[in-house]
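Worksheet: the structure to be examined is printed underneath.
The values are calculated or read from the model by the stated rules, or taken from the named source; none is laboratory data. Just so we're clear, the structure is a prediction, and the values are computed from it rather than from any experiment. Reconstructed Cβ throughout: ideal geometry from the backbone, glycine too, with neighbour counts over all protein chains shown.
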Amino acid sequence: MGIDNKLKTVVLTEHTGRLDKVVSEIDTTISRSRAKKLIEDGHIKVNGQLKKPKYHAEVGDQIDIEDIEPTPISLEPENIPLDIIYEDDDVIVVNKPQGMVVHPSAGHSNHTLVNALLFHSPLSTINGEFRPGIVHRIDKDTSGLLMVAKNDAAHQALSEQLKKQKNLRKYIALVHGRINENSGVVNAPIGRSVKDRKKQAVVADGRPAITHFKVLERFQDYTLISCQLETGRTHQIRVHMKYIGHPIAGDPLYGPRKTLKGNGQFLHAQELGFEHPVTHKLMVFSAPIPPIFEKTLAHLRLNNALNS
């Protein structure tokens, strides 16, 4: 190992599948083709052992990545205001604003939530160099609650809860069309789209994905719903709602062009619940929807209300 090489260690908490694919997902600065070459050249190990690119990685596997090229990203603390809902010695619950990226990646080297968190507090180191403290993520243009680990013990405990689906993660979303059912469940596997690598899609060989939804309010052309995640796949709610014919309003990736104007999709992580990693007390937090979301709902109630 050369002196300029950097070793990244990541313990898988959700990603599974071919090793080269998983590596490109957990470190977005590494393409799948480059991941394959790094594996073949012996620069990536699984649980201390060399594997082939087609090795099926599982939750709990420790992936060691020897990055033989310098990365252009430098993770620096930045004095960016945070909306902290709760904090103690082990965890932080933060209300992420719409438009903020959670952690640095290709194309987003700074001004992320992680940069802001590092300025505020020490964070766990278990999830790799560029995702300290990050137990789970929400998309750049999704607002709402995230739990953050301040030390490795807390991170492991919170990750285990996610793996066993013990957390409460409830979202509020505004979708196109009128949903007639009062509630429902979308049970459809999700994987990378074969047509567009930037997108996820419902695919036969995807990972299991379950979303529960409940109608909160109906308009002529839109429906306000709450969604509760049973699993936590990438873009899960956005993909599932498109799949059942009700894409999220404002979604630039999965929604129609003619949609409501905002700052991205009208999707907000409203409630978050977990067992505290030290006290084991059940903790539940909520965050109000952003002003643009509230303003849009007020407009719909005036101009797009159901006929009485």
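I need a count of the residues in the range 203-230 that are among the aliphatic types (A, V, I, L, M) and under 21 Å from Thr259 (Cβ atoms).
Residues that pass the stated criteria total 4.
Of a type outside the set (Asp, Glu), under 19 Å from the mean Cα position of the chain (by Cα) and under 17 Å from Phe213 (Cβ atoms): does that describe Leu168?
Details: of a type outside the set (Asp, Glu): yes; under 19 Å from the mean Cα position of the chain (by Cα): yes; under 17 Å from Phe213 (Cβ atoms): yes.
Here the answer is yes, as Leu168 does meet what is asked.
Can you find a residue that is over 22 Å from Arg169 (Cβ atoms), hydroxyl-bearing (Ser, Thr, Tyr) and surrounded by fewer than 19 Cβ atoms within 10 Å (Cβ to Cβ) anywhere in the range 241-255?
First pass over the range 241-255, keeping only residues over 22 Å from Arg169 (Cβ atoms): 245, 252.
Imposing the further condition that a residue be hydroxyl-bearing (Ser, Thr, Tyr) reduces the set to none.
Checking the range 241-255: not a single residue is over 22 Å from Arg169 (Cβ atoms), hydroxyl-bearing (Ser, Thr, Tyr) and surrounded by fewer than 19 Cβ atoms within 10 Å (Cβ to Cβ).
In the set Gly128, Gly107, Gly99, which member is over 27 Å from Thr279 (Cβ atoms), modelled with pLDDT of 90 or more and surrounded by fewer than 19 Cβ atoms within 10 Å (Cβ to Cβ)?
On the way: Gly128 fails: modelled with pLDDT of 90 or more; Gly107 fails: modelled with pLDDT of 90 or more.
So the residue among Gly128, Gly107, Gly99 that is over 27 Å from Thr279 (Cβ atoms), modelled with pLDDT of 90 or more and surrounded by fewer than 19 Cβ atoms within 10 Å (Cβ to Cβ) is Gly99.
For residues that are part of a loop (DSSP other than H, G, I, E, B) and acidic (Asp, Glu), scanning just the range 156-206, find the one that is farthest from Leu300 (Cα to Cα). Spell out the reasoning first.
Initial filter on the range 156-206 (part of a loop (DSSP other than H, G, I, E, B)): 164-167, 177-182, 188-189, 193-199, 203-206.
Now restrict to residues that are acidic (Asp, Glu): 181, 196, 205.
Working: Glu181: 20, Asp196: 33, Asp205: 39 Å.
By that ranking, first place goes to Asp205.
Conditions first: (1) surrounded by fewer than 17 Cβ atoms within 10 Å (Cβ to Cβ); (2) in a loop (DSSP other than H, G, I, E, B). Leu216 passes all but one, so which condition is the exception?
(2) is the only condition that Leu216 fails.
Just checking, how many residues over the range 220-250 are in a loop (DSSP other than H, G, I, E, B) and more than 22 Å from Ala305 (Cα to Cα)?
Narrowing the range 220-250 to residues in a loop (DSSP other than H, G, I, E, B): 220-221, 230-235, 244-247, 249-250.
When the remaining residues are screened for being more than 22 Å from Ala305 (Cα to Cα), the result is 230-235, 244.
Matching residues across the range 220-250 total 7.
Take the residues of the range 131-148 that are in contact (Cβ under 8 Å) with a residue 60 or more places away in the chain, of a type in the set (A, V, I, L, M) and not in a loop (DSSP other than H, G, I, E, B): which is surrounded by the most Cβ atoms within 10 Å (Cβ to Cβ)?
Result: Met147.
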